[in-house]
Amino acid sequence: MKAVQVLSQFQAAGLETCFHGRHIDPQIYAGLDGSNWGIDAYIQRGGYQAVRTMLGADGAAALTSDQVIATVKESGLRGRGGAGFPTGLKWSFMPRQFPGQKYLVCNSDEGEPGTCKDRDILMYNPHSVIEGMIIAAYAMGISVGYNYIHGEIFQVYERFEAALEEARRAGYLGSKLLGSNFSFELHAHHGFGAYICGEETALLESLEGKKGQPRFKPPFPASFGLYGKPTTINNTETFAAVPWIIRNGGAAYLACGKPNNGGTKIYSVSGDVELPGNYEVPMGTPFAKLLELAGGVRKGRQLKAVIPGGSSSPVLPASIMMECTLDYDSISKAGSMLGSGAVIVMDDSRCMVESLKRLSYFYMHESCGQCTPCREGTGWLWRLVDRIHRGEGRPADMDVLDDVAANIMGRTICALGDAAAMPVRAMLKHFRHEFEAMIPKTNPRTSASA
Amino acid sequence: MISETTLARFAREVAKYPAEQKQSAVMACLAIVQQEQGFISDASEAALAVYLDMPQIAVHEVTTFYNMYNQAPVGKYKLNVCTNLPCLLRDGGKALEYLEKKLGIAMGGTTADGMFTLQQCECLGACADAPVMLVNDRSMCSFMSDDKLDQLVDSLRSAEGQA
């Protein structure tokens, strides 16, 4: 057997993560089986109908760009990459009458620990992203787009390139789409291992062929983006949600979520559950239900804590998490973030000091080095947690940890600094006793002199 | 010297970007160089800088900023095991230790026969498939239990005629 064949044996087929049949009213993952990613099967599922309707390809009048944006606003769709910003509103920020080139960018640099939802969309339903991008481009008057794909998922990049080729051949990409006056070309670009490039301005730098160091905002990408031109960046899942919204209407999308939190959302459940995987469920689904879909806590153990929105979101103890519903507002009220929808589950055997140590190492490793509080602070945090974990912590370390974290927050160009600090502060807030228990009770002079 | 076939692959990447923005193709071109030569040499950076009409130091900045570029030769198969938290909770760390024992090398090392390089890595974006590892930047291997790790290493060895 050749090496290529050997390696292909270990490639996941999506059975565990995507085609398990345990989604609730799915839209993006609906009807997928791994073999039907191609354009013909996509069209059979109703794909590209939204683009045809929008461009008036089937006889009726074409939609105006204002109508498209109004529908997306009405749907309550919020950015699925982590920030939860209303998508229709973002689209309305793009300058309409700008005389030069404008760009559309899809952020598929999915590297937030815990997240693997976009991978399955791009692998098994790539045309939903292409169609969503065509609609967005039309709404904002953009003729060129790029999809920036996480470098580590190279097979997914190749799949997306194949889907782009299909779409070009079928006339859904290129010049004067379906006989209209609208032209749109879309390309795939891969990263090569840098967490920071998930930050939108770092992604733009990377797309320009540079180190992925974030830009100071303002100016925002809508006025100064790729190559200095107006640019809109949305997450993969956000684009994939758009065709359904245009086909079924904004009100229908909103109705399957809850107010201000429209539609379905895909959660990547990892860690201590029986059935890790991606689960697409309506916004507002109780966390307890998601845990049940994922087979419950592994080996019948008790739930200890959950990181609800990727490694950058504050950890929540089981008692709080079990009361939450999964939507932007509920998780935010509980003191964390829905983030990218990466739900990392930890059972009662887990050591929080060890968990935080690994996360802190990650942020130290991935800090781009541009801002001093983050470059120096992330290393300091890791050294402190590592020292405590080795049983060599000092009583004052607890305060120093909190102080270093507090001095990173809000003092950096991008959110990576906050992302490194928030897990620390949440761990100290909810699990302080575990850290204290690992610090030796030193300083005997205090007790002698008392 | 860049071969004709490599130039054709480069050209396909360059064509994606505006003519005055050829530099955008640097990441993809470097990945192609790495696939063909195993690592990024100074000479490759110099040649690519000329091809893309950018300073050589700007190419070097890219090589050194992104985790996946090999700045020195590695084994024929580079194994990157994810040990970030979601993977750690599902034996990602144990998978790395198992490979260290099986290959008789420490993390970061290369086997004496030049066949395998073993590295720890950050999130591969396949968290629900843990333990996961990436082989030679392009092949994701999922659900890597100890049995599967044995199978992978042994099969690759026999594919190379070393069984």
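The values are calculated or read from the model by the stated rules, or taken from the named source; none is laboratory data. Quantities reported herein were computed from a predicted structural model and do not represent experimental measurements. For neighbour counting, all protein chains shown are included, and Cβ atoms are generated from backbone atoms with ideal geometry for every residue, glycine included.
Can you give me the ranges of the helices (runs of 4 or more DSSP H) entirely in segment B:9-84 with at least 2 residues that are among the small types (Gly, Ala, Ser)? Show your work before the answer.
On the way: elements: B:26-37, B:42-52, B:56-65.
Filter on segment B:9-84 gives B:26-37, B:42-52.
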Exercise for review: For segment A:11-29, name all the residues that are more than 22 Å from A:Glu161 (Cα to Cα) and either away from chain B (no Cβ under 14 Å) or touching a strand residue (DSSP E or B) at 6+ places or on another chain (Cβ under 7 Å) (or both).
Suggested key: A:Glu16, A:Thr17, A:His20, A:Gly21, A:Arg22, A:His23, A:Ile24, A:Asp25, A:Pro26, A:Gln27
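Looking at segment A:117-173, what helices (runs of 4 or more DSSP H) fall wholly within it and have at least 3 residues that are of a type in the set (D, E, K, R) and at pLDDT 95 or above? Walk me through it before giving the result.
Values: elements: A:117-124, A:126-140, A:154-169.
Output list reads A:117-124, A:154-169.
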Revision key, fill the gap. Taking segment A:94-111 and keeping only residues that are modelled with pLDDT of 95 or more and closer than 23 Å to A:Ala415 by Cβ, one is left with A:Met94, A:Tyr103, A:Leu104, A:Val105, A:Cys106, A:Asn107, A:Ser108, A:Asp109, A:Glu110
Revision key, fill the gap. Given (1) of a type outside the set (Phe, Trp, Tyr); (2) within 24 Å of B:Asn84 (Cα to Cα); (3) outside any helix (DSSP H, G or I), A:Met427 misses just (3)
**Study point:** Count - residues of segment A:6-56 that are closer than 19 Å to B:Phe143 by Cβ, touching a residue at least 60 places away in the same chain (Cβ under 8 Å) and β-branched (Val, Ile, Thr)
**Key:** 1
Check your understanding: Scanning for something more than 23 Å from A:Ala194 (Cβ to Cβ) and either surrounded by 22 or more Cβ atoms within 10 Å (Cβ to Cβ) or in contact (Cβ under 8 Å) with a residue 12 or more places away in the chain (or both), does segment B:52-66 turn up at least one residue?
Key -> yes
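Does A:Thr238 satisfy being among the hydroxyl-bearing types (Ser, Thr, Tyr), away from chain B (no Cβ under 12 Å) and in contact with a strand residue (DSSP E or B) (Cβ under 6 Å, 6 or more places away or on another chain)? Before you say what the answer is, go through the steps one by one.
On the way: among the hydroxyl-bearing types (Ser, Thr, Tyr): yes; away from chain B (no Cβ under 12 Å): yes; in contact with a strand residue (DSSP E or B) (Cβ under 6 Å, 6 or more places away or on another chain): no.
Judged against the criteria, A:Thr238 is not a match.
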Point to revise | Residue list for segment A:86-116, restricted to those being part of a loop (DSSP other than H, G, I, E, B), more than 24 Å from B:Leu88 (Cα to Cα) and within 14 Å of chain B (Cβ to nearest Cβ) | key: A:Gly100, A:Gln101, A:Lys102
Study note, to complete from the structure: Picked from segment A:170-212 (must be surrounded by fewer than 24 Cβ atoms within 10 Å (Cβ to Cβ) and free of Cβ contacts under 8 Å to residues at least 40 places away in the same chain), the residue farthest from the other protein chains (Cβ to nearest Cβ) is A:Asn181
**Study point:** Every residue from segment B:30-51 that is crowded, with 19+ Cβ neighbours inside 10 Å and either more than 15 Å from the chain's Cα centre (by Cα) or at the interface with another protein chain (Cβ under 9 Å from one of its Cβ atoms) (or both)
**Key:** B:Leu30, B:Ala31, B:Gln34, B:Ser44, B:Glu45, B:Leu48, B:Tyr51
